[in-house]
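Remarks on the structure that follows.
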Amino acid sequence: MNADIMSVYGSYYFILGPLFLFMFLMQELSREKELRLRQGLAVVGVTHTAYWVHWTIVGTILNLLQVIVLIICGFCFGFELWHNCLTSILFKEFFWFGQCMMVSAFMMSTLVKTQEKANFYSYTLILIMLFVNALFSNCDFCLKLFYSELSQGIGVIRFIVGFFEFIPSYSFSMAFGTVAIRASRRFDYNTVSWNPGSAFGYDEYNQDIKF
């Protein structure tokens, strides 16, 4: 079979690591708030800045580890995308998506007071992001639908796209899909055949896609 899972459903699976990071941070931060551990730290002189810097470092380290494991596994399994695309480009896309989820967890943790509510909101948001990612998993179709010159000339579509771009899973799906459809094996509907991926570097990364 010539199909490449990376070009079709790759982004759907690669968001799972950052989503688990989001859930972990939400649970831990809400647990500390519910047990009033932050007040105890304040008593011994720990400032709010030091508290958030600590969790930023913890979240960044966990995110960095999951990105490194993901990239190593991609090379071990011999994915065509990994060999055609620069590792630094893949690293940036995976890493910064994880950082977005970390910041989202920090923001949401300030809005909940109990661990039970944190679990409810985290599971709800994870399901929403999975649904959004699955809905827009066909990046080629979405790019032609939302980012063509005709679509960008319609104010309602620009507003909808602008709203979706604030959802990390949508932005990651578009960014990763743009790389995957060019650097991995893909189906060409014009020739009705599977075409191999091509090299993808920073020249292609910074190139505007026009429809």
Qualifying positions in segment 183-211 - in contact with a Phe, Trp or Tyr (Cβ under 8 Å, 6 or more places away or on another chain), in a loop (DSSP other than H, G, I, E, B) and either modelled with pLDDT under 65 or among the β-branched types (Val, Ile, Thr) (or both): ILE209, PHE211
Output for segment 66-86, where each listed residue is exposed (fewer than 15 other Cβ atoms within 10 Å of the Cβ) and either in contact with a Gly (Cβ under 7 Å, 6 or more places away or on another chain) or over 10 Å from PHE200 (Cα atoms) (or both): ILE68, VAL69, ILE72, CYS73, PHE75, CYS76, PHE77, GLY78
Some residue of segment 104-117 being more than 26 Å from GLU28 (Cα to Cα), of a type outside the set (A, V, I, L, M, F, W, C) and over 13 Å from the mean Cα position of the chain (by Cα): no
The lone exception for VAL46 - which of (1) within 22 Å of PHE106 (Cβ to Cβ); (2) in a helix (DSSP H, G or I) it fails: (2)
Lone unmet requirement of (1) farther than 14 Å from LYS92 by Cα; (2) modelled with pLDDT of 85 or more; (3) not aliphatic (A, V, I, L, M) for PHE172: (1)
Failed criterion for LYS113 (all others in (1) among the charged types (D, E, K, R); (2) surrounded by 13 or more Cβ atoms within 10 Å (Cβ to Cβ); (3) not in a helix (DSSP H, G or I) hold): (2)
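The values are calculated or read from the model by the stated rules, or taken from the named source; none is laboratory data. Please read these numbers as outputs of a predicted model, since none were measured by experiment. With ideal geometry, Cβ positions are generated from the backbone for all residues, glycine too; neighbour counts draw on all protein chains shown.
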